[in-house]
Amino acid sequence: MNAILFGALATTSAAAVASPFATEVLSYAAGSNANASLTDATSALGSAARMTGGGNFVSGVTPFNPAFNPDQLVSIGSGGHLTLGFDRAITNNPNHRFGVDLIIFGNAFFVDQSFFDGDPNTNGSGVLGPNPSMFASNGVADVYVSADGIDWRLAASTRVDLFPTLGYADFTETTPTSPGSVPTDFTRAMNPNLQLADLADLTFAQLIELYDGSGGGIGVDISGTGLEFAHYVRIENNSDFAFNIDAVSVVPAPGAGAVLGLGLLAAARRRRA
């Protein structure tokens, strides 16, 4: 095989195999007002949750029904922080969807206005109403990134709110009792320009359509840091309100899978020749 092609394949293959989620906790401080039952920092490793609860009370994670298990969340109170490491590089790539390079998943969720519309037949149907609002969305995260774990650059200061996690794209209920069959993509960014007011009067079905296969999360663009790549993320809470973190994901390079596939096809043809 051509040496250049082999090198490209090796690099692309390694990126494809590496987890898009955090793989190690470098440091954690709970802060002054963290949730005392959510202080296991390793809960932020791996994928965001698609289902939550346990026993006879398992339910799907939706924008109206967030993850809440202690093994799914870590709380960061005022003055606290969480520092995570990644096997896959976080790259500054303007070709990423909406320019987003990493995605943070919390457990804020929408208030279901169907419980307040006076019609008991619609309760729990998932209605955002004319003035959408959220629970557990007041804390502000200062998000830093680093290539070496020493030099830290501020990438964003953001509320841990939009967009609440959606586990499956084919959920039809706001609190489903079984998994769906179409997992959402936790590396597919939502449009960061959308604001809460833009979601006014959406139904649950319309909200899922807006997600367009994404699992939600808070998108962060690292272009303002001056770094071309990073392997570490530090989330600090310098606000008055605690917030919870479920997971952090890396947005993959556009077309990485296609490049790998084409390279493997070319190699196979060369072997047959």
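The GNM of the chain, with springs linking C-alpha atoms under 10 angstrom apart, assigns the highest mean-square fluctuation among Ala197, Ala49, Ala30 to Ala197. Globularity index of segment 95-169 is 1.51 (Cα radius of gyration / 2.2 N^0.38 Å, N = number of residues). Scanning residues 5 or more positions from Tyr232 or on other chains, those with amide H under 5 Å from its amide H are Ser146, with H placed 1.01 Å from N in the peptide plane. In degrees between 0 and 90, to the nearest 10, how far off the longest principal axis of the chain does helix 3-17 point, with axes built from Cα atoms? So the helix axis and the longest Cα principal axis differ by about 20 degrees. Between Gly124, Gly106, Gly60, the Gaussian network model of the chain with springs among Cα atoms under 10 angstrom shows the greatest mean-square fluctuation at Gly124. Taking the convex hull of the alpha carbon positions in the chain and averaging its projected area over all directions gives 16.6 nm². Between Asp221, Asp148, Asp101, find the one with the highest GNM mean-square fluctuation for the chain; connect C-alpha pairs within less than 10 Å. Largest GNM mean-square fluctuation: Asp148.
Evaluated on segment 146-249, the Kirkwood hydrodynamic radius is 15.8 Å, with distances taken between all distinct Cα atoms. Measuring between their Cα centroids, segment 201-246 and segment 76-117 lie 2 Å from each other.
3J(HN,Hα) along segment 162-171, derived from phi through the Karplus expression 6.51 cos²θ - 1.76 cosθ + 1.60 where θ = phi - 60°, amounts to 7, 10, x, 5, 10, x, 9, 6, 9, 5 Hz, with x in place of Gly and Pro. Each helix, a run of at least 4 DSSP H residues, gives -39500 (n - 2.57); summed and divided by the residues of the chain, these come to -4500 deg cm²/dmol at 222 nm. Based on C-alpha pairs under 8 angstrom that are at least 6 apart in sequence, the chain has a relative contact order of 30 percent. The angle between the Cα long axis of helix 256-272 and the longest principal axis of the Cα atoms of the chain comes to about 30 degrees, rounded to the nearest 10.
Taking Cα centre as origin and charging only the Cβ of basic (Lys, Arg, +1) and acidic (Asp, Glu, -1) residues, the dipole magnitude of the chain rounds to 1260 debye.
Read the figures in this text as sums done on the coordinates, not as results from a lab. Keep in mind the model is a prediction, meaning the values are calculated, not measured. Virtual Cβ from ideal backbone geometry, glycine too; neighbours counted across all protein chains shown.
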